[in-house]
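See below for the structure under consideration.
The values are calculated or read from the model by the stated rules, or taken from the named source; none is laboratory data. Bear in mind that the values here come from a model prediction, so they are computed numbers and not experimental data. Cβ coordinates were reconstructed from backbone atoms using ideal geometry, including for glycine residues, and neighbour counts include every protein chain displayed.
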Amino acid sequence: MLSVTEHYENHLAPVYLWMAGGIDAAIARGQAEVDAVCPHPTKANLAVDLGAGFGMHAIPLANLGYSVLAIDSSGTLLEVLDGHVGTRPIKTVKDDLLAFKRHLDAPAALIVCMGDTLTHLPDRQAVQGLFDNVAGSLEDGGTFIVTFRDYTTPLIGSKRFIPVRSDADRILTCFLEYDEGAVTVHDILQERDGAEWRLRVSAYRKLRLSPEWVGRALEAKGLQVRKEQGLAGMARLIAKRPL
Ligand SMILES: C[S@@+](CC[C@H](N)C(=O)[O-])C[C@H]1O[C@@H](n2cnc3c(N)ncnc32)[C@H](O)[C@@H]1O
């Protein structure tokens, strides 16, 4: 099976914007979420976007007034983000988000890890290590926001086939295969090639994390946690470093 980075570079990144319904619609959704849930900055406070992708939250955070450090391991998606930065104060970094601390030279007012990025990490130990670094990198009173899918209840039978998006020339379907602590996500991509259809399949693993486990792991790092319903069936946890 490919690593997450290989899966994105070879398979998903080239169709990611199409999958998200186009950049304008995706950024409009990101802006609505950022405006509703992120603290509004009083000055050019620093926000860190972990797994920023093409900037669905990084661009809205800069629009809200933050200086943004956007980290992702996909060069293809960061190139899209770079192409849409304009004059906004966004710095993009191609790196493993687990190493985000080495790109920080001051505490952050806000750190986000949104859009199911958390489940891409290799194991629970990596998640706990990330939370340790997040708690230690926030200003006093700073906020961490994470949104992710809860895969703890397995889908069964034909429910494991999830239509993601389709048009006249392309169809993307996910097939989920569950094991103890993770789910293997097979991204099944069918693309029209003249009169024929080409099939490409690639898979990667996602962690099966419950919002309760994530909440406890954040509290164990000294953060005060609120759980709520996020967009598109995702869980959203908002964690504050006490003043
Ligand atoms: C599901 S996408 C979400 C992107 C973005 N946050 C959003 O909401 O549109 C997951 C992103 O995390 C990135 N990613 C996954 N694991 C990573 C890691 N260990 N380090 C850096 N980026 C990672 C992928 O390249 C991808 O852009």
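The residues of the stretch 210-235 that are closer than 25 Å to H7 by Cα and touching an Asp or Glu at 6+ places or on another chain (Cβ under 7 Å), listed by number, are S210, L231, M234, A235. For A52, the test of being modelled with pLDDT of 95 or more, over 25 Å from I188 (Cα atoms) and either within 11 Å of the ligand (Cβ to nearest atom) or touching a Ser or Thr at 6+ places or on another chain (Cβ under 6 Å) (or both) is failed. Counting only residues that are under 23 Å from I188 (Cα atoms) and within 11 Å of the ligand (Cβ to nearest atom), the stretch 6-39 holds 12 of them. The set of residues in the stretch 40-49 that are more than 9 Å from the ligand (Cβ to nearest atom) and either crowded, with 24+ Cβ neighbours inside 10 Å or under 20 Å from N133 (Cβ atoms) (or both) comprises N45, L46, A47, V48. Residues that are within 16 Å of the ligand (Cβ to nearest atom) and under 22 Å from V34 (Cβ atoms) do not occur anywhere in the stretch 151-161. Give D140, D167 a once-over and let me know the one that is closer than 23 Å to L12 by Cα and loosely packed, with under 13 Cβ neighbours inside 10 Å. Among D140, D167, only D167 is closer than 23 Å to L12 by Cα and loosely packed, with under 13 Cβ neighbours inside 10 Å.
Of all residues in the stretch 81-107, exactly one satisfies the criterion of being more than 13 Å from the ligand (Cβ to nearest atom) and crowded, with 23+ Cβ neighbours inside 10 Å, namely I90.
Scan the stretch 216-239 for residues that are of a type in the set (G, A, S) and surrounded by fewer than 18 Cβ atoms within 10 Å (Cβ to Cβ) and the total you get is 4. If you filter the stretch 1-25 down to residues that are within 24 Å of V183 (Cβ to Cβ), of a type in the set (A, V, I, L, M) and touching a Phe, Trp or Tyr at 6+ places or on another chain (Cβ under 8 Å), you find that the one that is surrounded by the fewest Cβ atoms within 10 Å (Cβ to Cβ) is M1. Return a yes/no flag: does the stretch 103-117 have any residue that is under 27 Å from E228 (Cα atoms) and part of a helix (DSSP H, G or I). No, the conditions are met nowhere in the stretch 103-117.
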